[in-house]
Amino acid sequence: MKMNKITRKSFLKVLAATMVGGAAASALTGAAAPVSIDEINGKVSRWVKNSLNPDGPLTIAKQGMFSSGGTVTAPVAGTYDATINWLDTTRAGNTAHVDHANVLYQIPADSNGWPMVYLHGYGQSRMGWITTPDGRQGWADLFLRNGYSAFLVDQPRRGEAGSTAQMSTDGFLDTWSADSKDYKPGDQAWYTHFRIGRVAPERYEGSQFPEGDAAQNQFFRQMTPNTGDFDQAVSAAALGEVMKDVQTLTGHKSIFVTHSQGGAVGWDVPADNIAAIVAIEPGGTPAIGSEQYTKLLSAGIPIAIYFGDYIDNGPEDIMSTSFWRQVRDGALAFAAQYNADGGDCTVVDLPKIGITGNSHFMFQELNNKEIADHIYQWLESHSLA
């Protein structure tokens, strides 16, 4: 295959991570095995080809939507009257199907067999994985092009899984006032906390976040409120059912990609149908020796945790800087012990490997493809490609 300089650079980058099986690959993953030239040719060619033509046609063999998990409420007191049905404001005898997860899925024609389940973070929905504020491809499409099926989740009480039995009462965290149905604004607060810039629309120096009013507008309009209180146990139970349904549909365990608050949910999801976890700036990591920790270790689940920029070099007078530093340092401590106990966890601090300018939303930023490349190398080294 004739390759231009850009193609050859991409090829050699992936080739090095794939072949070494020793120093370089171990540095990346902590545990890698050599593979054959035939395997390299079969796997690298697709990644390189799609790097050459990132906006080419994408062929989907199957797509659809389904709901997983959830509960059904007890009937409202009284007898259901079919003659007046919805006009009966007491709703006597009616039930409601609530607190499930909703999944949009796509299986590419050239599937490699591995499904990726994507779980959003706080204030977000599956939209964040599909696109970027400036309209480029999101990670779901980037990985679809390389054979990974996409299973995009809206967690219970969020987005298209909004059906729940009681409206949110969490006035501190949620976007609804605790004592009314008034919407509680938070654009600027979350923009600062997510380390995009000090105050919107400012961006930090060297930022990879898309620039301009249109991108800012699109980003803020992604924010999706909770319909009910956030309940980690409810979300984890529903995601456990998602994993079962994906296993039934594809015949494979899932690569579980989580973000932020979704990362906290991810640690609680039953491990039976999880092949690996890629956690993007999770809000925390399992306490060493905890039930979460023991479950993941016993299941032998490899974990990759990614952190962006403006943590060590963020403004010291902003509380979020120390918050994210503590989260990152906690992940490093978790990984050290997890690996010492026989597990496989890699923490990738992007600035330390020369990838700079990323906020909490690295999967939507200008270099999201470069970070996806790095994740692909990690997956490939774990025979998940």
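The values are calculated or read from the model by the stated rules, or taken from the named source; none is laboratory data. What you are looking at is a predicted structure, and each value in this text was computed from that prediction instead of being measured. For neighbour counting, all protein chains shown are included, and Cβ atoms are generated from backbone atoms with ideal geometry for every residue, glycine included. Accessible surface areas use protein heavy atoms only, side chains included; no ligands, DNA or RNA. Shrake-Rupley method; radii C 1.70, N 1.55, O 1.52, S 1.80 Å.
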Could you give me the ³J(HN,Hα) list for the stretch 132-146, computed from phi with Karplus coefficients 6.51, -1.76, 1.60 and θ = phi - 60°, whole Hz, x at Gly and Pro?
10, x, 9, x, 7, 6, x, 4, 4, 5, 4, 7, 4, 5, 10
Pop the C-beta distance of Thr79 and Ala233 into the FRET formula with R0 = 30 Å and round what comes out to the nearest 0.05.
0.35
Solution diffusion estimate, µm²/s, Stokes-Einstein, the chain, Kirkwood Rh from C-alpha pairs, 25 °C, viscosity 0.890 mPa s
111
Could you compute the net charge surrounding Asp141? Neighbours are other residues with a C-beta less than 11 Å from the C-beta of Asp141; K and R count +1, D and E count -1.
+2
With x for Gly and Pro, the residue-by-residue ³J(HN,Hα) of the stretch 100-113, computed from phi through the Karplus equation 6.51 cos²θ - 1.76 cosθ + 1.60 at θ = phi - 60° and given in whole Hz, is 9, 9, 10, 10, 9, 10, 9, 10, x, 4, 9, 5, 8, x
Distance between the stretch 64-122 and the stretch 270-300 - C-alpha centres, whole angstrom:
27
Share of Cα-Cα pairs in the stretch 141-196 beyond 16 Å, in percent?
65
Under the rule of at least 5 residues apart or a separate chain, name every residue whose amide H is placed under 5 Å from the amide H of Ile60.
Ala109
Computed Rg/Rh for the stretch 154-225 (Cα atoms; Rh = Kirkwood radius) stands at 1.05
Need the full-extension length gain, Asn94 to Lys369, defined as separation in residues times 0.36 nm minus the C-alpha distance. One decimal, nm.
94.2 nm
Extension gain Glu316-Gln188, at 0.36 nm per residue separation less the Cα-Cα distance, in nm?
44.3 nm
Over the Cα atoms of the stretch 301-385, what Rg and Dmax result, in angstrom?
13.8, 44
Could you work out how much longer the chain between Leu87 and Glu202 gets when fully extended? Use 0.36 nm per residue separation minus the Cα distance between them, nm to one decimal.
36.3 nm
Run a plain Debye calculation on the stretch 257-331 (Cα atoms as equal point scatterers, no solvent) and give log10 I(q)/I(0) at q = 0.18, 0.27, 0.28 Å⁻¹, rounded to two decimals, same order as the q list.
-0.70, -1.28, -1.35
Hey, which aspartates and glutamates would be in cross-link range of Lys62, C-alpha to C-alpha under 12 Å, not counting anything within fewer than 8 residues on its own chain?
Asp110
Please list, in chain and number order, the residues 5+ apart from Val347 or on another chain whose amide H is under 5 Å from its amide H, with Hs placed from the backbone.
Ile305
When the stretch 226-385 is reduced to its Cα atoms, the Kirkwood hydrodynamic radius in Å:
16.4
Compute the separation of the alpha-carbon centres of the stretch 150-216 and the stretch 301-331 and state it in Å as a whole number.
19
Excluding residues fewer than 8 positions from Lys181 in its own chain, the aspartates and glutamates with Cα under 13 Å of it are Asp170
As a test of the definition: which semi-axes, in Å, follow for the stretch 51-118 when you take the square root of five times each eigenvalue of its alpha carbon gyration tensor? Largest first, please.
44, 13, 9
Would you tally the net charge around Ala271, using a Cβ to Cβ cut-off of less than 15 Å, leaving Ala271 out, and scoring K and R as +1, D and E as -1?
-2
What accessible surface, in Å², does a 1.4 Å probe find on Ser125, ignoring ligands, DNA and RNA and rounding to the nearest 10?
20
Computed over the stretch 129-288, Kirkwood Rh from alpha-carbon pairs, angstrom
17.6
Karplus 3J(HN,Hα) series, Hz, for the stretch 71-77 with 6.51 cos²θ - 1.76 cosθ + 1.60 (x for Gly, Pro)
9, 10, 6, 5, x, 4, 3
14 Å reach of a label modelled at Asp341, 7 Å along Cα-to-Cβ, counting backbone N of the stretch 276-301
285-301
Within the under-15-Å Cβ sphere about Gln326, not counting Gln326, Lys/Arg +1 and Asp/Glu -1 give a net charge of -2
